[in-house]
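Here is the structure we will look at, set down as structure tokens.
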Amino acid sequence: MTRNNLRTLPADLACGACALLALLGAALPARAVDVTFQVHMQALVAAGQFQPATDVVDIAGSFNGWGSTLTPLADADGDTVYAVTITGFTTGQYLEYKFRLNGLWDGTEEFPGVGNNRTYTVVDGANVIDVWYNVRDVGGGGTQVPELHWWNDTVFYEVFVRSFQDGNGDGIGDLQGLTERLDYLNDGDPATHDDLGITGIWLMPINPSPSYHGYDVTDYRGIEPDYGTSADFQAFVAAAHARGIKVIIDFVMNHCSSQNPWFLSSRANQAGWRDWFRWSASNPGGTGPWGQTVWWRSNGAYFYGLFGSGMPDLNYDTPAVKTEMFGAASYWLDTVGVDGFRLDAVLYIDEDPGSLLNTPGTLQFWQDFNTSIKAGTPAAMTVGEAWTTTTTVAPYSASGRLDLCFEFDLAGAIVGAVNGGDAGWLGSKLAQVCDAYRYPQWGTFLSNHDQDRVFSQLGEDPAKARVAAGLCLTLPGVPFLYYGEEVGMTGTSSDPIRRAPMQWSTAANAGFTTGTPWESLGANWPQNNVALQSADAGSLLAWYRRLIDVREAAPALRRGTCAVLGSTAAPVLALVRRDSTATPVQTLLCLANTSTMAQGGVALTVPAGALAAGTYRGTDLLDPTDVRTFTVDANGIVAGVGLAGQVVKVFELAPLATPVAPVLPRTGLLLEQNRPNPFNPSTTLRYALDEPGRVRIAVYDARGRELAVLLDEERPAGPGEATWQGRDRAGREVGAGVYFVRADAGAATRMVKATLVK
């Protein structure tokens, strides 16, 4: 190796040479590795929360007793980027850390509170950590290229037929009553705004069942007699479609009823039926995922039922079971005309010894199912209930499996942010969700029929309910509303209470029935009902109608990309939603203050590529009287943002003609974050000098080797730029990964990370 092939590197990158020698077989002793921690403080300075003359930023982590040894960072050139290099680490060492202000744990450190530490694993090469204060680097850096379908333009409304509207006076909701109430949901006239405006309905089970809830089916092609007839259902579907409403139904494939004729024949050991369910001569023992009994004695043997003795699991190892259930799904799509399915308990279809959920067979089953139904009805939609973490759910809507799954983690993060007045975790979770799924294919919601109603979770606080609804309907994903949440229905503790009758008016039984309701009404029905809130322009119902109207009119909310902005105020969530396919391109700045307290002087940090530097006029689509000017400076900072307590704003941005002059460094050199970032195939780096001089900009890999020189010449004072095409000095394309771009001018040096995606 010649000296020309490996330049003499800066001190913070020189370790790459040693690492390379080690790879070539040199027997080198273990040595200390340096890590440079670099944090951008511009946003806090702009917000007046950090005074460079008097304040100190330090690092506290697992390597310095969490700040018991004060480790301050220094701003060498006065550009509000602070750095420190710490030695003594070893390759592979796992670090946790946070940055703090003035060496104190006083609630002003980044990511205040318990947890939310930054993490890093030391590599055998250049270790340069470059971040913005209080802005988490989340996700794998994947680009968002939306994959779009009809359901991405849809707001769904979950209905429990038994509780929505009784059409015949027997105290039980039915299809006739549901059809009569369709105009409340959507009257089919886009010129009117006194309907809710939803464009999709999810019906909880409508098949015959011995239970009130219907999740134990006795006939997969029939209609529950309490609800009406097949003709009633087809009339409902036709009426919904005439109003532009899609209809999906609950399809319970994991288990059926113990009174289903299939199970009765299997229990009796009739020829051809035994293997439709899982039987054992003796009790295999063991419990389910939440410690429950799963093997049940019947007729001298034991059958498997994950959800109880009344719900035996179907055995899909028997081909006839799969054929029959796939055929029933096709019947509802092709013969009846529904638009898709909500699929219950998708985690548990195929069990392996010692593994009851998330098995390879279960994932393959859903791929087979989706392939089967889309062969006959390509536009059919499938959404799965996988009640678990984001990382576990994501594979269920990948590789040609289900179209969507409900995002339970995200729902919890929304409610938690509103209850706690802190949006930090919500922003991190949203960034993870955007990166985990095919964008934007997941279901957003606040609560459903298995959970305490969201109004109850929020302490029956209308202001909190407004913020939660605003978040749900402005985030990416496909929103699902639970019937009655738009008027603040309550319900806790038990499923029947959570599924109580709809609150229509102050009339007897809340207008639900002329008979005796099958379940008692919620306690707040005299105040929280459709009739009263329809007459109140400031009601929760009016707010839901406004949100749905705005979402329907704004393609960027339904179809656009999403960038999570950093915020100096923990209660504030800020997003940029953009639809570049719209004419003209639509860019929205969505803001939410989850706190009861107003937030003033908030500084937002715009990720590279999300919003160009410049000045914009923003008009709030939810309140068009709120028109503001937002300026994004050359560092990607939007300073001086103010929000009242517990508000949601959706500002449509229009660029103003006056360009924003780049912010020059007080001394030396400014190097901006490359844009776009991540990038493919090329990216641009802007710099600025405060006086004429020689500028050198070069690209290094993670091992500290110089790959390419982008600029090396005398340049005048002021701004300039260089472009990297993702190639090395020989013109060869480099692989996907994280690279370091270093700029040198005189004694000043700046460095940024650039992520290349393929």
Amide H contacts of Ile201 (H built 1.01 Å from N, under 5 Å, at least 5 apart or other chain)
Tyr157, Lys246, Val247, Ile248
Computed ³J(HN,Hα) along the range 221-231: with the Karplus parameters 6.51/-1.76/1.60, θ = phi - 60°, integer Hz and x for glycine or proline, the list is 10, x, 10, 4, x, 4, 8, x, 10, 4, 5
So which lysines can Lys246 reach, going by Cα to Cα under 25 Å and dropping same-chain residues fewer than 8 places off?
Lys374
Alpha carbon centre of the range 46-113 versus the range 348-392: separation in Å?
46 Å
The range 135-242: GluC sites (Glu not before Pro) in DSSP loop, at most 13 other beta carbons within 10 Å
Glu147
Calculate the length of the line joining the C-alpha centroid of the range 265-325 to that of the range 576-646, in whole Å.
56 Å
Divide the volume of the convex hull of the Cα atoms of the range 573-633 by its number of residues and quote the answer in cubic angstrom per residue.
112 Å³
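Going highest first, how would you order 730-741, 474-485, 407-418, 508-519 by mean Cβ packing within 10 Å?
Packing proxy ranking, top to bottom: 474-485, 407-418, 508-519, 730-741.
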Taking θ as phi - 60°, what are the ³J(HN,Hα) couplings along the range 641-647 by the Karplus curve (6.51, -1.76, 1.60), each to the nearest whole Hz, with x for Gly and Pro?
7, x, 9, 5, x, 6, 10
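Taking 0.36 nm per residue of sequence separation and subtracting the Cα-Cα distance, how much length would be gained by fully extending the chain between Trp66 and Arg732, in nm to one decimal?
Answer, rounded to one decimal: 235.4 nm.
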Normalised by the empirical 2.2 N^0.38 Å for globular proteins, what value does the Cα Rg of the chain take?
1.08
Förster radius 25 Å - calculated FRET efficiency between Glu460 and Asp194, Cβ distance, rounded to 0.05:
0.50
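Given the -39500 (n - 2.57) contribution per DSSP H run of 4+ residues, what per-residue ellipticity at 222 nm results for the chain, rounded to the nearest 500 deg cm²/dmol?
Working: 18 runs with 150 residues, N = 758.
Helix-only estimate at 222 nm: -5500 deg cm²/dmol.
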Give the lysines reachable from Lys98 as a straight Cα distance under 22 Å; neighbours fewer than 8 places away on the same chain don't count.
Lys429, Lys753
Please give the FRET efficiency for Ala582 paired with Ser330, using the beta carbon to beta carbon distance and R0 = 35 Å, rounded to the nearest 0.05.
0.45
Computed FRET value (nearest 0.05) for Glu714 with Val627, which takes r as the C-beta separation and R₀ as 30 Å
0.05
If each part is reduced to its alpha-carbon centroid, the range 666-711 and the range 481-526 end up apart, in Å, by 61 Å
Report, to the nearest 10°, how far helix 424-436 tilts away from the longest principal axis of the Cα atoms in the chain, using its own Cα long axis and a range of 0 to 90°.
80 degrees
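Each value in this text was obtained by applying a stated rule to the coordinates, not by laboratory testing. Since the model is a prediction, treat every value here as computed from it, not as a measurement. When we count neighbours, we look across all protein chains shown, and the Cβ atoms used for this are built from the backbone with ideal geometry, even at glycine.
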